[in-house]
Amino acid sequence: MNVLMLERELHTPVLTEEVIEGLVPRAGGSYIDCTLGAGGHAAAVLARILPGGRLLGIDADPEAIAAARERLSRFGDAVVLVNGNFAFLEDIARSNHFYPVDGILFDLGLSTMQLESRSRGFSFQKDAPLDMRFDPSQQLSADFIVNHAKGEELFDIIRSYGEEPAARKIARSIVAARPVTGTLDLAGVIERATGGVRGRIHPATRTFQALRIAVNAEIPNLQSALRQAISLLVSGGRLAVISYHSLEDRVVKIYLVREARGCLCPPEVLKCLCGHQPALRIVNRKVIRPRPEEVAANPRSRSARLRIAEKLAATGSPAGPGDPPVGQASGLSARSATVPVDPPVGQASLPVHSTPGGTSRLSSRSSVSACPPGNRRPSPIRRLS
Ligand SMILES: C[S@@+](CC[C@H](N)C(=O)[O-])C[C@H]1O[C@@H](n2cnc3c(N)ncnc32)[C@H](O)[C@@H]1O
């Protein structure tokens, strides 16, 4: 990628117009950007909510917060930035007086800034340590999974989170090649296991995605955060979620569709027993994709999919503790694995494919004590401005 393109990607958020049309930000309103990144979407929202509006920006990565702080400085007190994990969304929002709010945005995955970093290990195109943590204070990194997980656990991660057909071969080759010392070493192992680069997609793409998802507990954290987001919205408030791969999008779609439904009882049940009430109205039945012009200007946008929903009036808590986790409905909860992958933030230690089915209210304090000894994180919430 040349410098100009990189500059453009670093500063151009994906599907901005569509996000704005979906969130309908209004002057004086309160909004949360759960994945602040470099602050591109946040700036677009802020430009529409002043005077009187406020935006809470959250990111697990302190470098993202630093970049966004600079970019958003012109908005002054209208912006509150928190270096934390959106798995703690309710706590972060309430403790910063962002409750209820008019709109919530998730632009999932990693930023160009992170992908292009020379040290973060997200890319197989530059040599770096096997890291892949959004939050550098988290203990679990890709290195631990690559070099210490059992072969079966590695296979499970690569197959489930990478949807990689050659997962078995790749997992075996990684185990045989240990110690795997960095991103290029890992990419080489995968290339040799799969017979080298053929076609458009590099053979390491899916495995790198799988490792990143596992390291950052992306699926369970997303499921938990979606539940919390709905509870924070005012009636008529909007939720916008951009995802970049089918696994993530499936989680979002299944959750939104489920919460837009009333009764969830199986068809053979004649009288509703679950009492489930619809909490949402799905605004765009068809997922929104970037236009060809956007993809041409910003190739990273090509896999983006946007879904928008609106909170309905007078609904109770959308997902109770007894509700099945969303991921199970989508077949995400494959066999359980026992890699000591960090539990989804704020959850007790869970197997890789488990999902938080119960509590959606996550206290930062309980999260720390829920981590296994030696895997404790500092307080996940650092208010910055
Ligand atoms: C695609 S980027 C967002 C880009 C942003 N919308 C912009 O306009 O610049 C995704 C960001 O979400 C952050 N992120 C991913 N998972 C997170 C989580 N569970 N909690 C908080 N931040 C997270 C990443 O660190 C990254 O900075």
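FYI, it's all coordinate maths here, none of it is from the lab. The structure presented is a predicted model; accordingly, all values stated were derived computationally and were not measured. Backbone-built Cβ (ideal geometry, glycine too); neighbour counts: all protein chains shown.
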State, as an integer percentage, the relative contact order of the range 139-215 based on alpha-carbon contacts under 8 Å between residues 6 or more apart. 38 percent
So for ARG133, ARG172, ARG285, fewest C-beta neighbours within 10 Å to most, what's the order? ARG285, ARG172, ARG133
Determine, for GLU248, GLU116, the number of other Cβ atoms within 10 Å of each Cβ, and report the residues in order from fewest to most. GLU116, GLU248
List, largest first, the extents of the alpha carbons of the range 5-105 along their principal axes, each in whole Å. 39, 27, 23
Work from the charge dipole of the range 139-215 (Cβ charges, +1 for Lys and Arg, -1 for Asp and Glu, about the Cα centre) and give the residue of VAL215, VAL189, ILE145 farthest towards its positive end. VAL189
Cβ-placed point charges (K, R +1; D, E -1), dipole of the range 215-275 about Cα centre in debye, nearest 20: 200 debye
Just how large is the dipole of the range 139-215 about the Cα centre, in debye to the nearest 20, putting +1 at every Lys and Arg Cβ and -1 at every Asp and Glu Cβ? 260 debye
So how many Å³ per residue does the convex hull of the Cα atoms of the range 139-215 work out to? 77 Å³
Calculate, for ARG192 and VAL295, the FRET efficiency according to 1/(1 + (r/R0)^6) with r their C-beta to C-beta distance and R0 30 Å; round to the nearest 0.05. 0.40
Overall dimensions of the range 193-284 as given by Cα atoms, namely Rg and Dmax in Å: 18.1, 57
Please list, short to long, the whole-number percent of alpha-carbon pairs of the range 236-321 in consecutive 10 angstrom bins beginning at zero. 16, 38, 28, 13, 4, 0
Using the alpha-carbon centroid of each, what span in Å lies between the range 202-276 and the range 52-91? 23 Å
Theoretical FRET efficiency, 1/(1+(r/R0)^6), r = Cβ-Cβ of ALA27 and SER119, R0 35 Å, to 0.05: 0.30
Using the count of nearby Cβ atoms within 10 Å as a rough guide to exposure, how do HIS245, HIS148 rank from fewest to most? HIS148, HIS245
Note down the nm distance, to one decimal, between modelled labels 7 Å out along Cα→Cβ at ARG302 and at LYS271. 5.6 nm
Based solely on C-alpha atoms, express the radius of gyration and the Dmax of the range 109-165 in angstrom. 12.1, 33
Spin-label proximity, ARG281 to the range 97-119 - amide N less than 20 Å from point 7 Å beyond Cα toward beta carbon: 101-105
